[in-house]
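The values are calculated or read from the model by the stated rules, or taken from the named source; none is laboratory data. Just so it is clear, the model here is predicted, and its values are computed rather than measured. All Cβ positions, even for glycine, are placed from backbone atoms using ideal geometry, and neighbour counts span all protein chains on display.
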Amino acid sequence: MNSENKTKIRVNDLDLYYGEKQALNGINMDIRENEVTALIGPSGCGKSTFLRCLNRMNDLIDCVKINGEIYMDDEEILTTNDVISLRTRVGMVFQKANLFPMSIYDNVAYGPRNQGIKDKKTLDKIVEESLKGAAIWDEVKDRLKSPALGLSGGQQQRVCIARTIAMKPEVILMDEPTSALDPISTSKVEELMATLKDKYTIVIVTHNMQQAARISDKTGFFLNGELIEFNNTKEIFTVPHDKRTEDYITGRFG
Ligand SMILES: Nc1ncnc2c1ncn2[C@@H]1O[C@H](COP(=O)(O)OP(=O)(O)OP(=O)(O)O)[C@@H](O)[C@H]1O
Ligand SMILES: [Mg+2]
């Protein structure tokens, strides 16, 4: 834990409604640079909804209404017009690997090519560095032109992380990135997160409490759309301040 890291994202009084239904209620959170922030809580409590606010993915859902502010550095992101560049700065990795039906190389080069990078040497370098950054290079370097969908689930998830890194984001959002993986792939992705935070700010949703305890610096506990408790991970898991947090992390909940 490093409590002196500067704030990367500041969430002020965030409310979100799907039509009439309120899914987030008065969320305040400070997400620090070069830290892993874990979001935990029971199913349906608003974790994914919150994560999607951080790169405006909720824009894609009809009937969403949002109040409050989210600052990344000094820019308010809920009102920014430049959503494309926001999504470049804030990358996302989903629960299920969602690679395109093309080669490993083309998956990772996809974003940079979209940004107009055409030079082969430059692309080769981005692909190699991104795959190395996602701890998957050694496993795929001899088959870069093979279909990405021919990889195992755990390998595909790491290529998804490489694809995100290739965009040179500042923040990486991960929504249950290991829930579909076996224990070995899971520990590879967990080890990876420890190295990724040197360069990026990471926000991860997980149902796995041991995982949150192992990999995160800060933990937020959500319940029914509210952020019940947000603190240093060590504190949340050893001396939670709220009875509801304690009940949840000790498995006495629902
Ligand atoms: N597109 C949507 N339209 C309407 N309601 C939605 C939509 N997405 C989520 N909700 C509702 O918002 C609430 C929060 O959902 P959300 O997916 O954020 O929960 P979660 O904490 O990520 O749950 P899980 O752990 O199961 O993934 C739930 O009541 C859910 O039914
Ligand atoms: Mg979810």
Report summary line: Exception for LEU39 within (1) at pLDDT below 95; (2) under 13 Å from the mean Cα position of the chain (by Cα); (3) within 16 Å of ligand 2 (Cβ to nearest atom) falls at (1)
Query - Matching residues in the range 1-55 - criterion: being within 15 Å of ligand 1 (Cβ to nearest atom), basic (Lys, Arg) and crowded, with 16+ Cβ neighbours inside 10 Å - result: LYS47, ARG52
Query raised in the report: Just one of the numbered conditions (1) within 16 Å of ligand 2 (Cβ to nearest atom); (2) modelled with pLDDT under 95 is not true of LEU227; which one?
Result: (2)
**Report entry** Members of the range 179-219 found to be under 23 Å from MET167 (Cα atoms) and hydrophobic (A, V, I, L, M, F, W, C), listed by number
**Finding:** VAL189, LEU192, MET193, ALA194, LEU196, ILE202, VAL203, ILE204, VAL205
**Report entry** Tally of residues being in contact with a strand residue (DSSP E or B) (Cβ under 7 Å, 6 or more places away or on another chain) and either part of a helix (DSSP H, G or I) or among the acidic types (Asp, Glu) (or both) across the range 138-192
**Finding:** 7
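Look at the range 1-14 and say how many of its residues are in a strand (DSSP E or B) and basic (Lys, Arg).
2
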